[in-house]
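Written below as structure tokens is the structure these notes are about.
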Amino acid sequence: MEFENRVVVITGGAQGIGKVIAESFAKEGAHCCIIDKQEGGHFVGDIADQKVLETFAHSVIEQYSKVDFLINNAAPLMKGIDDCSYEEFCYALQTGVAAPFYLTKLFAPYFAPGACVINISSSRDRMSQPQTESYTAAKGGIAALTHALAVSFAGKVRVNSISPGWIDNAFTVYEGPDATQQPAGRVGNPLDIAHMVLFLCSDKAGFITGENICIDGGMTRQMIYHNDCGWSYEG
């Protein structure tokens, strides 16, 4: 029970990667405080709303008086340059960058000794597909926010980010090109991310801060040109 009685705050923790992170911490004895827009036995609210963040943070501190680990996981809206409105783009940044910043600020006086913040970015913080501007901008923002916070919290709180690649939340096992195109030979699943989150929050990672760790099966390291590795470009 490595994290017994530790207090873990997880945004977007009712589904997908966030849910598996919460389950993994709970198995190790931690108390998990989850906020999500999805209904359920957790704090329900939209983290793009400042008042929601303040009410949620107050409820956590009122119950536990401290925070050991903050996992900023909630996913921003993904829309592209053709269809994304100004309001939608700002909403994506509120969810993906402003909310992690403000939650960290709200919990700053209450972080316990050895506390950690883990921001979930994306491999899209360094590469893109067409029509993904709102999501990509938010993920790039939280990756940069990570090293800024790590420096501001030097000696007090370690701050790192994780950039997942293709993660199948249903744990689907893919065969054929979907799997073999990836240097790791398979598509990822939420446990691949949860394992790294728990490692970064452990004493074993005590000398790691300000880092962005890409967990994508090696896809961002694979150089592909026309007619290379069976790929062809049809533009």
Answer in debye to the nearest 20: the dipole magnitude of the chain about its Cα centre, from +1 Lys/Arg and -1 Asp/Glu charges placed on Cβ, is 700 debye
By the C-alpha gyration tensor axes a ≥ b ≥ c (rounded if a/c is under 1.5, else prolate when a/b exceeds b/c, else oblate), the shape of the range 79-213 is oblate
Consider the candidate values [x] 13.8; [y] 17.8; [z] 16.2; state which one is mean projected area of the Cα convex hull in nm² computed from the structure displayed.
-> [x]
Please give the net charge around Ala30, taking every other residue with its beta carbon less than 12 angstrom from that of Ala30, where Lys and Arg add +1 and Asp and Glu add -1.
-> -3
What residue among Phe207, Phe101, Phe199 has the largest mean-square fluctuation in a Gaussian network model of the chain, using Cα springs under 10 Å?
-> Phe207
Whether the range 1-127 is rounded, prolate or oblate, judged on the alpha carbon gyration tensor where a/c under 1.5 counts as rounded = prolate
Quickly estimate the mean residue ellipticity at 222 nm for the chain, helices only: each DSSP H run with n ≥ 4 gives -39500 (n - 2.57), and the total goes over all residues, rounded to 500.
-> -10500 deg cm²/dmol
What are the extents of the Cα atoms of the range 64-104 along their three principal axes, listed from largest to smallest and rounded to whole Å?
-> 45, 14, 11
Inter-part distance where the range 22-60 and the range 184-235 are each reduced to a Cα centre, Å = 27 Å
Near Lys79, within a Cβ-to-Cβ distance under 15 Å, what is the net charge of the other residues, with Lys and Arg +1 and Asp and Glu -1?
-> -3
Centroid-to-centroid separation of the range 69-95 and the range 122-142 [C-alpha atoms, Å] | 10 Å
Taking 212-220, 36-44 and ranking on average Cβ neighbours within 10 Å, highest first, one gets 212-220, 36-44
For the pair Gln38 and Arg221, what calculated FRET efficiency results from E = 1/(1 + (r/R0)^6), where r is the Cβ-Cβ distance and R0 = 35 Å, to the nearest 0.05?
-> 0.55
Would you work out which of Gly80, Phe107, Ile162 lies farthest towards the positive end of the dipole of the chain, given +1 charges on the beta-carbon of Lys and Arg and -1 on that of Asp and Glu, about the Cα centre?
-> Phe107
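Bear in mind these aren't lab numbers, they're just calculated from the coordinates by the rules spelled out. The model shown is predicted, which means the values in this text are computed figures rather than measured ones. All Cβ positions, even for glycine, are placed from backbone atoms using ideal geometry, and neighbour counts span all protein chains on display.
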